[in-house]
1. Restricting attention to region 53-68, does a residue exist that is without any contact (Cβ under 8 Å) to a residue 40 or more places away in the chain, under 20 Å from residue 7 (Cα atoms) and in a helix (DSSP H, G or I)?
2. Between residues in region 70-93 that are in a helix (DSSP H, G or I) and residues that are surrounded by 10 or more Cβ atoms within 10 Å (Cβ to Cβ) and modelled with pLDDT of 80 or more, which pairs lie under 9 Å by C-beta distance while being six or more apart or on different chains?
3. So how many residues does region 10-23 have that are touching a helix residue (DSSP H, G or I) at 6+ places or on another chain (Cβ under 9 Å) and either surrounded by 11 or more Cβ atoms within 10 Å (Cβ to Cβ) or part of a helix (DSSP H, G or I) (or both)?
């Protein structure tokens, strides 16, 4: 979604805690308080779109049961890999890390 760059003045009532946070963010980001609000609104919209596009756990389970997930051999391979990791108490991200 593309918006024009035309700015319009508006007024709103904000509590002192919100105003303080907004001021601190504006200073930290070196932007105006208006820009802080624009960024926050855009981020909230993006988060809402992402959340709406996710499947619920039940939907995900139904998707897998309908044959859209792993095939039987892939599922067996993953199950065996997870079981081996748990038995060794070592996970894939630790495997190549010499510091651990």
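The values are calculated or read from the model by the stated rules, or taken from the named source; none is laboratory data. Note that the structure is a prediction, hence the values are computed from the model and not measured. Cβ placement follows ideal geometry from the backbone for every residue including glycine, while neighbour counts extend to all protein chains displayed.
1. No: zero hits.
2. Listed by first residue and then by second, the contacts come to 92/81; 92/85.
3. The total comes to 5.
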